Amino acid sequence: MKSRYLLFSEPVISDKIGVHCPQCHGRRTLDSDSPVGTCRCGSVFVVDSPIIQSGLYCWTQAFREQGGVGEMYPSIEKDYLEKYDIVHINYTAGHPSYIEAVRNALGNSSTKIVANVDYAMSMWETINPFNMKHQLNMADMVFHVESSGASALGRFLGRKIPVIPHPVDVRHLKQVNRIVNKGRPLATCQWHRYNATWSAYYYGLLGLDIKKYLVA
């Protein structure tokens, strides 16, 4: 898999990629719109940085890890879009017309539009179903990240929708140094913007002489 991949999104990660050669141990810094490629010695470069959060944004890293291009930018210029093999669009209620805008820009092109509905089904109350069907039918491929959503979309669109979970950059996450605790108790709290969990952590740990680690 050495495709050129574009996530249609505001860039929220570094535009530079740090790589190294596992054979000769050379290191390089590449622009994010350049293929990771191979070293002069013939070995495939290994991506060192940046560490990208799990979920949608990690697709850029997945393509980079395989020697391709993984880029993020929301352009509707045809010449720019056609530099890529895949344009990936995350359909949300807040961005209900991105797929149509990209399709109008590309027209009949070899560049493929891949779309997914990132919201959990419990949040679909905020989505206009007529607009969602209109938009998703303009994509070349539609997937969902879990089976319940894929089943619902399949019935909704009248075709089979594959389940493809978003990737997680496990290798880089394992390289993150563990917190130096120095004997103090440690509380790790997991927060997600969909769930109002911050208040329990805040009030429950207020005034306690412990180290606090928030995973968001």
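Does residue 113 satisfy the criteria of being modelled with pLDDT of 95 or more, outside any loop (DSSP other than H, G, I, E, B), within 28 Å of residue 149 (Cα to Cα) and touching a Lys or Arg at 6+ places or on another chain (Cβ under 9 Å)? Criteria met by residue 113.
Checked against (1) of a type outside the set (D, E, K, R); (2) touching a residue at least 40 places away in the same chain (Cβ under 8 Å); (3) out of contact with any strand residue (DSSP E or B) (no Cβ under 9 Å at 6 or more places or on another chain), residue 56 passes all but a single condition, namely (3).
Tallying residues that are among the charged types (D, E, K, R) and at pLDDT below 95 within the range 138-157 yields 1.
Being outside any loop (DSSP other than H, G, I, E, B) and hydroxyl-bearing (Ser, Thr, Tyr) narrows it down to one residue among 84, 80; which is it?
On the way: 84 fails: outside any loop (DSSP other than H, G, I, E, B).
Of the residues listed, the single one that is outside any loop (DSSP other than H, G, I, E, B) and hydroxyl-bearing (Ser, Thr, Tyr) is 80.
Here is a yes/no grid of residues against (1) among the small types (Gly, Ala, Ser); (2) surrounded by fewer than 19 Cβ atoms within 10 Å (Cβ to Cβ):
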{"site": "3", "(1), (2)": "yes, yes"}
{"site": "46", "(1), (2)": "no, yes"}
{"site": "51", "(1), (2)": "no, yes"}
{"site": "59", "(1), (2)": "no, no"}
{"site": "64", "(1), (2)": "no, no"}
{"site": "70", "(1), (2)": "yes, no"}
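Residue 81 passes every criterion in (1) modelled with pLDDT under 90; (2) closer than 24 Å to residue 133 by Cα apart from (1). Scanning the range 1-25 for residues that are in a strand (DSSP E or B) and at positive phi turns up nothing.
The values are calculated or read from the model by the stated rules, or taken from the named source; none is laboratory data. What you see is a predicted model, and the numbers here were worked out from it, not measured in a lab. Cβ atoms come from the backbone with ideal geometry, glycine included; neighbour counts cover every protein chain shown.
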